[in-house]
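Quick note: the coordinates plus some simple rules give every number you see, no bench work behind them. These figures come from a predicted structure and were not determined experimentally. Here the Cβ is made from the backbone with ideal geometry for all residues, glycine too, and neighbour counts use every protein chain on show.
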Amino acid sequence: MHKKTVAIVINTSWNIFNFRLGLLRALQEEGYRIVCIAPKDEYASRLQALGFEYHNIKINNKGVNPVEDAKLVVDFYRLYKQIAPDVILQYTIKPNIYGSWAAGMLGIPVISNISGLGTVFLNDSLSSKIARLLYRLALPFAKKVFFQNAHDRQLFISSKLVVEAKTDLLPGSGIDTQKFKPLTGGSQHTNVLRFLFIARLVKDKGLLEYVHAAKKIAQPSVECTILGAYYPGNPTAITGEQMEVWEEEGIVKYLGVSDDVQSVIAKADCVVLPSYREGLSRVLLEAASMAKPIITTDVAGCREVVDDGVNGYLCEVKDADSLAEQMKKMIHLSEEARKEMGRRGREKVMREFDESVVIEKYLETIATILN
């Protein structure tokens, strides 16, 4: 009997390997043929080593050249025609838009995932207006459109970018709570409280507010660390030179990047993400799953992970003073109180955001489309 084929399409192979392996394995167990489609990087070979079929496609994630994007539609069309998937799961903006057009021309059903609105939706610039127009033209091809928070879903519906009947909510990409669990030993600096910021090094993640707050709470017994990659080409990117200045001034400590995020989180006492908005912050979910208290902004995609005062604190967006106040609250808590916050955070993630919840919804949706 012919196996039904499910294609997973994302703008990096890294994303598939780090965030979708649980879904791939669940689909495989259901008897589907799985095809991964993403730009080639070092994680493409890791996917193949695990036995997953992989196809390369070139996507310039930061590019806005219409000729280049038109070619991307053609590339998607050719690849989809060659692979002949029965259903396509698409993530990130370019697959969601250009992949949907290609799938629509071939009559292949699509499930789109709006995991976050990105910088273009934080303002009313020309690029934002173009992005909305492109979504309006692409999403009619989708059988189902998943969002990670109710605010983003309502924004798309009210802006007439998508029909409400085909939308649904998912609790992010789901967290493997057995992978992200409290590690014995935890932080190894009994006399220093360590805050940890994890994100791409762009202003929209609240990095400047974090640095300014770090200045306000500076004391020998507190350390403010940063983990994340530089993002050259992004209009709000922080430069390496700027980071060096902050380090020389003793404000923050830059930890670079790591494939072993769990070990970095384990050494922190509190994870901080003062982002301007998220789809649903995976960093916060991972931290809470590892029983770390968190501080984040009271905005869509962040507030969903925090019950204020229970497993962390919420601060005002773009407000370093508000962030500093919440960090001071965390400093003044006893170690046992912080641990109790962490325990409650893990309970919340296991109850509301476990990977099994997300996977089950995908399986149900795919089965409905294919039957």
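Points to keep in mind about this one:
- Applied to the range 265-275, the Karplus parametrisation 6.51 cos²θ - 1.76 cosθ + 1.60 on θ = phi - 60° returns per-residue 3J(HN,Hα) values of 4, 4, 8, 9, 9, 7, 9, 10, 9, x, 5 Hz, with x for Gly and Pro.
- As a rough guide to protection, the peptides 257-270, 12-25, 88-101 ranked by mean Cβ packing within 10 Å, highest first, stand as 88-101, 12-25, 257-270.
- Each of 302, 57, 85 was placed along the dipole of the chain (beta-carbon charges, centred on the mean Cα), and the one lying farthest toward the positive end is 85.
- Once backbone amide H atoms are built at 1.01 Å from N, residue 194 has 223, 269, 270 as its partners under 5 Å, excluding neighbours fewer than 5 places away on the same chain.
- Counting only residues at least eight positions apart within a chain, or on another chain, the lysines with an alpha carbon under 21 Å from that of residue 58 are 40, 71, 81, 94.
- Rounded to 5, the percent of DSSP beta bridges in the range 193-352 classed as antiparallel: 5
- Cα-based values for the range 193-352, radius of gyration first and Dmax second, are 14.3, 43 Å.
- Calculated P(r) tail over 19 Å for the range 80-215, as whole % of Cα pairs: 62
- Under the criterion of Cα pairs below 8 Å and six or more residues apart, the relative contact order for the chain equals 14 percent.
- Across the range 9-119, the convex hull enclosing all Cα atoms gives 100 Å³ per residue.
- Neighbourhood net charge (14 Å Cβ-Cβ; Lys/Arg +1, Asp/Glu -1) for residue 165: +3
- For residue 87, distant residues with modelled amide H under 5 Å away: 5, 7
- Inter-label distance for residue 331 and residue 25, nm, one decimal - labels placed 7 Å from Cα along Cα-to-Cβ: 4.2
- Our analysis of the chain gives Rg over Rh at 0.97, with the two radii drawn from alpha carbon positions and Rh computed by the Kirkwood formula.
- Over all directions, the projected convex hull of the C-alpha atoms in the range 111-179 averages 5.3 nm² in area.
- Listed peptides 275-286, 233-244 appear in the order 275-286, 233-244 once ranked by packing, highest mean of other Cβ atoms within 10 Å at the front.
- Members of 144/361; 144/181; 144/179 lying beyond 21 Å, as alpha-carbon distances in this model show: 144/181; 144/179
- Expected 222 nm ellipticity per residue - DSSP helices of 4 or more, -39500 (n - 2.57), all of the chain, to 500: -12000 deg cm²/dmol
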